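> What follows is a structure written as C-alpha cells; I'll ask about it next.
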Amino acid sequence: MSFSLFRASVRRAATAPRAQLRSQLRIPLRKFSTPPPEAPVPTPKSNTTLYVGIGAVVAAAGVAFYSFSDSGSNAVKTGVQAAKVKANFVPTKEDYQKVYSRIAGIFDDAGDYDDGSYAPIILRLAWHSSGTYDKESKTGGSNYATMRFAPESQHGANAGLNVARDLMENIKKEFSWISYGDLWTLGGVAAVQEMNGPKIPWRPGRVDGVQTQATPDGRLPDASQGSDHLRKIFGRMGFNDQEIVALSGGHAVGRCHSNRSGFDGPWTFSPTTMTNDFFKLLFDEKWVWKKWNGPKQLEDKGTQSLMMLPTDYVLVQDKIFKKHARAYADDEALFFKDFAASCAKLFELGVPTEQWVSPEPWIMKNVDEK
C-alpha cells in the first residue's frame, strides 16, 4: 500500500491455497450475516448534550458543503444528512454498532479477490484517509474524508482504493446519516478486530468536507525510502519512533499489487489474520533483494513468496526502530497493545475535540460477541 505502510489490498498467498492456510492456522472461514437495520432510536440513551453539539457542527458543515462543493450530488447527500440531524435523529452507540456489523459482514464476500477478504483493503482506506494529517497546518486527517474528491482520490498512494470506497458507498446508502470519515475509520476498526487483531478504541464525530479541503500529494509514506523519510512523514502527523514501528506492524495483513504500487506480494503467510508475524519474519527470515523488473523490494530467500519493502527493512537496520521491532517480535500482546493505541490515534487525526460525540472512545463489539 502506499502507505507503503498499508499498500495492503489482499490477494491469494503465493505459498499455499487460502483454505490450506486457514486449516494450518486453525482459522475458521467465517461468514457473517446481519439482519436488516432497525429503525433508529429517536432519542439518545446517553450523552445527550454532546450529541446535540455534534449535530450542530454537522448541520453547519452540511450547509457549507451544499454552498461550496464542486460536486452537486455529494452536496445533496450532505444536506440530507444535516436535515436528519435537525430533525432530531441522534444516532446512539447501538446505531454505530449496526454499521460496524454491516461492514464486517462484507469482508468474506470477496470471493477470489485477493486472499478472499476485503478487510485489508478497508483497513488501508481508513489508514490513507487519516494519514494525510499535518500537525503544523492542522490540515488533512480523517475529519473531512477528502479522498472522495479528485485529485486526492487519484494520488499514486491511493491506487486501488476505489475498490474500498465503492464497497463503503453501498453501506453509506444503507446508513445515510453517518459521515464518510466515521464510516471509513469504523471500517478500519472492524477490519482489525475481525482479523483477530486487538480492540481499537473509536468514537464518532467526523464531518464531511469539501473538495477544496483535499490534501496535496506526497503526505503518505513512500515505500522506496529509508528511516529519515519515515520519521519525516510520521513526525508530521505527530508520531514518535515507537508509534512508527507499531503502525508498521499493520503489514501483518494484506499485500502489495504490481498494478497499483508497483510492488508485489504479501508480507506474511496469513495475510488476512492480524499477528506479530510481520516482526517475527523480519528477524527470522533471510531477506535478499528480489531480481525482477519492478521497484526495489526484498523477498525471503527460503520460499521467495514473501516480500518486504525498503521502509519495512529499515525497521531492523535503524538502531532505535530495531529495538521496538524486536520487542514486538518477542511479545504479540505488547504489539497488539501499542498498535491499538497508535491506530486509535491515527484515526482521530484532524478532528477537533469539540466534535467528538463521546468524551472517551468506545470499544465496538466483534460480530461474534453478544
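> On the given criteria, is residue 269 over 20 Å from residue 158 (Cβ atoms), outside any helix (DSSP H, G or I) and either free of Cβ contacts under 8 Å to residues at least 12 places away in the same chain or of a type in the set (A, V, I, L, M, F, W, C) (or both)?
Yes.
> Now a separate question. Given the criterion of a type outside the set (Asp, Glu) and either modelled with pLDDT under 50 or not in a loop (DSSP other than H, G, I, E, B) (or both), identify the matching residue among 73, 142.
The unique qualifying residue is 73.
> If you scan segment 323-354, which residues turn out to be outside the structural domain of residue 247 (by TED's automatic domain parsing) and more than 22 Å from residue 125 (Cβ to Cβ)?
Those that are outside the structural domain of residue 247 (by TED's automatic domain parsing) and more than 22 Å from residue 125 (Cβ to Cβ): 352, 353, 354.
Residue-wise test of (1) among the hydroxyl-bearing types (Ser, Thr, Tyr); (2) in a loop (DSSP other than H, G, I, E, B).
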residue: 117; (1), (2): yes, yes
residue: 128; (1), (2): no, no
residue: 157; (1), (2): no, no
residue: 176; (1), (2): yes, yes
residue: 182; (1), (2): no, no
residue: 204; (1), (2): no, yes
residue: 209; (1), (2): no, yes
residue: 215; (1), (2): yes, yes
residue: 222; (1), (2): no, yes
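> Next question. Which residues, counting only those in segment 296-312, are closer than 13 Å to residue 263 by Cβ and out of contact with any Ser or Thr (no Cβ under 6 Å at 6 or more places or on another chain)?
296, 297, 298, 299, 306, 307, 308, 312
> Continuing with the same structure: Of all residues in segment 284-301, count the ones that are surrounded by 12 or more Cβ atoms within 10 Å (Cβ to Cβ) and assigned to a loop (DSSP other than H, G, I, E, B).
So the answer is 6.
> Within segment 334-370, take every residue that is free of Cβ contacts under 8 Å to residues at least 12 places away in the same chain and part of a helix (DSSP H, G or I) and give me the one that is surrounded by the most Cβ atoms within 10 Å (Cβ to Cβ).
The selected residue is 334.
> Please find, within segment 86-139, the residue that is farthest from residue 156 (Cα to Cα) out of those that are surrounded by 20 or more Cβ atoms within 10 Å (Cβ to Cβ) and among the β-branched types (Val, Ile, Thr).
The extreme case among them is 90.
> Can you name the number of the only condition in (1) crowded, with 21+ Cβ neighbours inside 10 Å; (2) part of a helix (DSSP H, G or I) that residue 165 fails?
The single condition residue 165 does not satisfy is (1).
The values are calculated or read from the model by the stated rules, or taken from the named source; none is laboratory data. From a predicted model like this one, the values you see are computed outputs, not experimental measurements. Cβ sites come from the backbone with ideal geometry, for glycine too, and all protein chains shown count toward neighbours.
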